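Asks: Take a look at the following structure, please.
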Amino acid sequence: MRKYKLSIVVAAAILFSSFVSIPILNESGFNEEINELRQKINLGKAKVIKTLINIKGGKLIINNNTNDLAEVEFQYKEKYWNPNVSYTENSNTGKLIVKSNTILINDKEFEDNECIIALNKKLNYSLGLDLGIGIAEVNMEGYHIDKALLRLGVGSFDLNFANTSIPLLKVQAGIGEAVFNLSGKWNNNLAANIKAGIGEVEFIVPHDVGVRFKINGFLGEVSAKGFRKSGKTYINKAYSESEFKLEFDVTGAIGSIKITQI
């Protein structure tokens, strides 16, 4: 069995943690080990959780399948990942950090790396995502999020923030495909700053809330059915009469942008 290089710092009670090493055959017929780390963190006094997730490669899944503060599961080849989970609390605020510390290598070597994070839906979050090469399926529909700062690398990224009424969204996208679901009910305005990269980007927005896109420095196709275009600005029918407005400032993309109202 290999020696684990795992760093775990938790200043609150942990319900359960386990480490498992599973042998598999690689393409050459030699055994390689897929390591598993499972970490569960109890609810504490904190109601606001500052969350930083930094995954350099592989697959990331975020869901709400927990009644605890958080549950984190890693499956990885030790050669390519060095997972680190830390959680601290200071009065009413908690800080959760989930990281994979690894050198940048090609995407094929990340195929067996997966991180699944379950976050408690009843808490309030500020969210930071820093993703490298791979796939992300982030389902935070109905969460309380005061801001989200996202850095997307190379790959496919599906980010569901429906019914969050998130007031601040900042994105720096890389290469690949990204879908941002911001549909549902809104209780406030949104200021979204998107620095797009190379590839396809889709925004899903509500039809009954005011939405305006300003798209600058873009080379490619914009599909915005139901929006009125004026120069580089796209405005939906609900914009003039809506109590709340979703403002998107999109810059520097090459590829395609699709805006879908539901």
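Where a number appears in this text, it was derived from the coordinates with a stated rule and is not lab data. Values in this document were obtained by computation on a predicted structure and should not be read as measured data. Glycine gets a Cβ as well: all are built from the backbone with ideal geometry, and neighbour counts include every protein chain shown.
Asks: Order the peptides 230-238, 37-45 from the highest to the lowest mean number of other Cβ atoms within 10 Å of their residues.
Replies: Listed from highest to lowest mean packing, they are 37-45, 230-238.
Asks: Show the residues, 5+ positions off or on another chain, whose built amide H is closer than 5 Å to the amide H of A238.
Replies: So A238 has HN proximity to V211.
Asks: ³J(HN,Hα) across region 157-167 via Karplus (A = 6.51, B = -1.76, C = 1.60, θ = phi - 60°), whole Hz, x for Gly/Pro?
Replies: Each residue's phi maps through the Karplus curve to give 10, 10, 10, 9, 10, 4, 6, 9, 6, 5, x Hz.
Asks: Compute the signed sum of charges (Lys and Arg +1, Asp and Glu -1) over the other residues within less than 15 Å, Cβ to Cβ, of E141.
Replies: Within the 15 Å Cβ shell, the charges total +1.
Asks: To continue, here is another question. Compute the length gained on full extension between I262 and H144: take 0.36 nm times their separation in residues and subtract their Cα-Cα distance, giving the result in nm to one decimal.
Replies: Residue separation times 0.36 nm, minus the Cα-Cα distance, leaves 40.3 nm.
Asks: Then there's this: Grab the other residues whose beta carbon is less than 12 angstrom from that of L69, score K and R as +1, D and E as -1, and report the net.
Replies: +3
Asks: Further question on the same structure: Spin-label point model (7 Å from Cα, Cβ direction): what's the N90 to N67 distance in nm?
Replies: Placing both labels 7 Å along Cα→Cβ, they lie 3.2 nm apart.
Asks: Apply the Karplus curve 6.51 cos²θ - 1.76 cosθ + 1.60, θ = phi - 60°, to the phi angles in region 87-92 and return the couplings in whole Hz, x for Gly and Pro.
Replies: Per-residue couplings from phi come out as 9, 9, 10, 9, 6, 8 Hz.
Asks: Which ³J(HN,Hα) values, rounded to whole Hz and listed in residue order, are derived for region 41-57 from phi using the Karplus coefficients 6.51, -1.76 and 1.60 in 6.51 cos²θ - 1.76 cosθ + 1.60 with θ = phi - 60°, glycine and proline given as x?
Replies: 10, 5, 5, x, 7, 5, 10, 10, 10, 7, 10, 10, 10, 10, 10, 7, x
Asks: For E33 and I175, what does the FRET efficiency come to when R0 = 30 Å and r is the distance between their Cβ atoms, rounded to the nearest 0.05?
Replies: Once the sixth-power term is evaluated, E becomes 0.45.
Asks: Based on DSSP, what percent of beta bridges with both residues in region 113-262 are antiparallel, to the nearest 5?
Replies: Taking every DSSP beta bridge within region 113-262, about 10 percent pair in antiparallel fashion.
Asks: Taking 7 Å along the Cα-to-C-beta vector as the label spot, tell me the S240-D158 distance in nanometres, rounded to one decimal.
Replies: Inter-label distance under the simple model: 3.8 nm.
Asks: Which value in nm describes the separation of the simple spin-label points at E202 and V48, placed 7 Å from the Cα toward the beta carbon?
Replies: The modelled label-to-label distance comes out at 3.5 nm.
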